[in-house]
Every structure is written in C-alpha cells, then in structure tokens.
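Structure first, commentary second.
The values are calculated or read from the model by the stated rules, or taken from the named source; none is laboratory data. Only a predicted model underlies this, so the values are computations on that prediction, with no experimental measurement involved. Here the Cβ is made from the backbone with ideal geometry for all residues, glycine too, and neighbour counts use every protein chain on show.
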Amino acid sequence: MQDKRRHKRFKLDIIEINGKMSLADKVKIIDISLGGIAVKADRRLNIGREYLIRLEDKGKSIDVKGIVVRSELSGIEERDKGERVSI
C-alpha cells in the first residue's frame, strides 16, 4: 500500500519525547511529522475535536493544539484497582 502522507513520519524509538494531556494518565507518542502526530492515550479522543497536548523532552516543553482526524480502539488495559481503561 502506498503512503499518501504529505510529510514524512519520524518514529520516536531513539529519542524520548513524552506527551501529556488533561484527563489522560498515559500518553505515548508513536510518531510525529510536520503535519501531524500519532499518539496512544488512555482516554477517548473524539474525531473532529481539538485537543491540547504538551510535548516534553529534557526539561523543555511545548504545548500544541491539534484536531483528531482518526481514532481507533487498540485495547483495554486494567489498572491497579481493577478499573478497565480504553486505549
């Protein structure tokens, strides 16, 4: 399948950029480009809605706003108290 993205995606295996969002305990940055970012979060992200995410690395941070264009359920995670959270 041909990749139709306008901007090249960069995997974040080598560098450790952390993400934070309000009402989410875990936010993992999967990859990033000039046109977007792929994240895995422990809260539902609604398509068409704007969210603010804080990107952090080595004591520096930047707040970035973005609109969700795709969202999918990748699994269910159990927490300490038996609580189940959608990922």
- Task: Filter segment 39-60 down to residues that are of a type in the set (Gly, Ala, Ser) and surrounded by 14 or more Cβ atoms within 10 Å (Cβ to Cβ), then give me how many there are.
- Result: 1
- When you scan segment 10-25, how many residues do you find that are at pLDDT below 70 and in a loop (DSSP other than H, G, I, E, B)? 5
- (1) part of a loop (DSSP other than H, G, I, E, B); (2) modelled with pLDDT of 90 or more; (3) not hydroxyl-bearing (Ser, Thr, Tyr) all hold for Asp63 apart from (1)
- Query: How about segment 68-87: which of its residues are surrounded by 12 or more Cβ atoms within 10 Å (Cβ to Cβ) and within 14 Å of the chain's Cα centre (by Cα)?
  - Reply: Val68, Ser71, Ser86, Ile87
